[in-house]
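Structure, as structure tokens:
The values are calculated or read from the model by the stated rules, or taken from the named source; none is laboratory data. Fair warning: this is a prediction, and the values are worked out from it, not measured in the lab. As a convention, Cβ positions derive from the backbone with ideal geometry for all residues, glycine included, and neighbour counts pool all protein chains shown.
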Amino acid sequence: MTETAILETPAEAEGKSFSRPPLWWAVIQIVALAFHVPLSVLAGGVGATMDPGISVLISLVISVLGILIWLALSATLSRPWEGLMVTSALLVGFWHWSASETSGNLLRIVWVALLVAGAARFAGSQRFRIATFAVAVTLGLTPLLVVATRAYASEPVVASSFDGFPGNPERKPDIYFLLLDAYGNSDVLRDIYGFDNEPFLSDLERRGFAVSRSATADYTYTHASIPSILNMEYLPRVSLSQDAQSLASLTDAIAGNNRVVSWLKELGYTYIHGETSDGTNDCGPQVDICLPSPYWDFTTEYLLGRTPVGPLLFPSNGSPHTAFNAARIKQMSRWQEDSDAESEGPVFAFIHLLLPHPPFALDSNCDVRLDSDLSGRLSERGLSAEVVSVRRAGYIEQVECANQVVTQFIDQLDPDSMVILTGDHGPESFGQLTIDGSEWNATELYERAGVLAAIRGPTGCQVVLPEDHHLVNTFRIAMSCLTSSSLPLLPHLGTS
């Protein structure tokens with residue numbers, strides 16, 4: 001045997017199976033890597049706050065771009081398999097670009113370059129190619145199976161003690177339900193933030209509102225708190241699990257499939273719904289007039305925010321959260337001029353404003369200011385005292401912004417309308433949401449559970465809110481006032 005033959009035989013043996021990547025092999029590998037992060041996120045339970053359709057669209061676009069990159073590389077590189085290996089490395093580098101928050105862009109570029117170089121170096125190895133394919137398929141297939149299993153989970157059984165409304169209202173005023181996300185009650189703002197919100201609350205009282213300064217949320221997260229408020233019931237334990245079916249049922253309740261909306265629509269009300277486009281508050285089929293967010297879905301930021309294209313998504317606002325707030329504030333400031341908000345009959349409007357929820361990119365005048373210490377939708381556990389102080393000050397500025405928006409909005413409404421103003425949960429300056437709720441101390445629970453609550457009834461409807469008001473009783477009190485009867489208030493069961 002010649003020396004040349006001896007040297008060539010191993011390489012030939014390595015490439016026996018395919019001299020170049022078969023089309024089916026390349027497509028499967030690229031698509032699996034393009035889909036693996038969105039599928040993993042959906043499988044992990046975050047799907048309740050994401051739009052599956054947007055997730056699939058993003059993955060398809062990345063798949064197409066990946067295939068185009070592979071074709072371009074295959075046409076220019078000397079080794080046929082090298083194009084597929086480099087494309088795969090680029091997809092991994094794209095999705096995991098910000099795997100380390102402390103790494104600067106230079107280190108990230110070096111890491112991706114090493115990844116690409118390694119993939120190109122071992123592209124001629126059959127074992128490496130098979131291993132890469134197996135890893136890609138596993139990354140894509142495993143979360144897909146979890147998503148499919150949850151999608152076909154059995155429907156949760158929802159028990160109820162609700163016996164029906166006490167009767168039809170004597171009149172039908174317009175009803176506005178304004179939800180201010182993460183707005184703490186007066187006690188929390190004073191005790192933890194050192195802020196006196198009394199001028200705003202006293203102004204509400206002068207405008208005819210009943211105000212509870214120590215109101216408490218029954219649930220410390222949005223997608224459970226709002227369904228409980230609108231169904232006027234505590235949620236059954238099964239609905240608090242993280243399976244996709246249970247979370248979907250909660251999302252349906254937020255979107256309009258709830259007792260309050262059903263009853264008011266039976267009475268001839270037009271239902272106006274201001275969605276947040278974050279997957280938990282979209283317009284459902286019960287909605288008559290939808291006020292959509294004109295900006296990219298929050299799913300886009302969640303999936304692409306930590307990739308190389310993240311900084312390009314919302315350069316002027318910093319995040320879709322802030323961009324959405326700016327749009328919703330504009331909608332509310334022009335309420336009387338908005339033809340979409342007009343109706344011949346009475347209206348029930350549910351308007352969700354993502355204030356003073358973080359990120360804290362709006363100052364007290366609702367102008368955008370971008371600061372890295374004020375970014376992010378969650379507070380990290382263990383932040384320095386200085387950063388915590390800056391973030392708390394940023395939160396209070398957004399409270400003041402929200403106060404201005406609410407006051408301006410209320411002044412546009414018919415004084416004989418009913419206005420329900422509440423938070424869904426309180427703030428979280430201690431980083432509560434980064435650990436399990438069972439580990440929260442009393443102060444952390446106190447902050448997260450304390451919420452704003454105020455109701456103004458129409459003329460002749462005198463609303464009384466107890467100081468220890470719980471959100472589950474909000475519409476029980478409001479509807480009892482409208483019907484001049486009484487829905488029994490539910491006992492306090494503690495915050496979940």
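Just to be sure before I move on: is Leu482 over 17 Å from Asp218 (Cβ atoms), touching an Asp or Glu at 6+ places or on another chain (Cβ under 9 Å) and buried (at least 22 other Cβ atoms within 10 Å of the Cβ) in the structure I sent?
Working: over 17 Å from Asp218 (Cβ atoms): yes; touching an Asp or Glu at 6+ places or on another chain (Cβ under 9 Å): yes; buried (at least 22 other Cβ atoms within 10 Å of the Cβ): yes.
Yes.
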Filter result (modelled with pLDDT of 90 or more, farther than 30 Å from Arg391 by Cβ and out of contact with any Asp or Glu (no Cβ under 6 Å at 6 or more places or on another chain)) within segment 337-361: Phe348, Ala349
Could you list all residues from segment 417-426 that are more than 9 Å from Arg456 (Cα to Cα) and part of a loop (DSSP other than H, G, I, E, B)? Asp424, His425, Gly426
Could you tell me whether segment 173-182 includes any residue that is modelled with pLDDT of 95 or more and either touching a Cys at 6+ places or on another chain (Cβ under 7 Å) or more than 21 Å from Val347 (Cβ to Cβ) (or both)? yes
Among the candidates Arg328, Arg334, which residue alone is basic (Lys, Arg), over 18 Å from Glu397 (Cα atoms) and modelled with pLDDT of 80 or more? Arg334
Can you say whether Leu489 is of a type in the set (A, V, I, L, M, F, W, C), in contact with a strand residue (DSSP E or B) (Cβ under 7 Å, 6 or more places away or on another chain) and in a loop (DSSP other than H, G, I, E, B), as far as the supplied structure shows? no
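What about Ser496, is it at pLDDT below 90, in a helix (DSSP H, G or I) and within 21 Å of Pro236 (Cβ to Cβ)?
Numbers: at pLDDT below 90: yes; in a helix (DSSP H, G or I): no; within 21 Å of Pro236 (Cβ to Cβ): yes.
Judged against the criteria, Ser496 is not a match.
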Given the residues Ser438, Ser417, which is the only one that is touching an Asp or Glu at 6+ places or on another chain (Cβ under 7 Å), of a type outside the set (D, E, K, R), surrounded by fewer than 22 Cβ atoms within 10 Å (Cβ to Cβ) and assigned by TED's automatic domain parsing to the domain that holds His352? Ser417
Condition first: assigned by TED's automatic domain parsing to the domain that holds Pro311, modelled with pLDDT under 90 and in a loop (DSSP other than H, G, I, E, B). Can you find one or more residues in segment 362-372 that meet it? yes
Write out, first by first residue and then by second, each pair whose Cβ atoms fall under 6 Å of each other, whose residues are 6+ apart or on separate chains, and whose first residue, in segment 483-494, is farther than 18 Å from Asn231 by Cβ while the second is outside any loop (DSSP other than H, G, I, E, B). Ser486/Ser480
In the list Asp367, Asp373, which residue meets the criterion of being over 30 Å from Ile229 (Cα atoms), among the charged types (D, E, K, R) and in contact (Cβ under 8 Å) with a residue 12 or more places away in the chain? Asp373
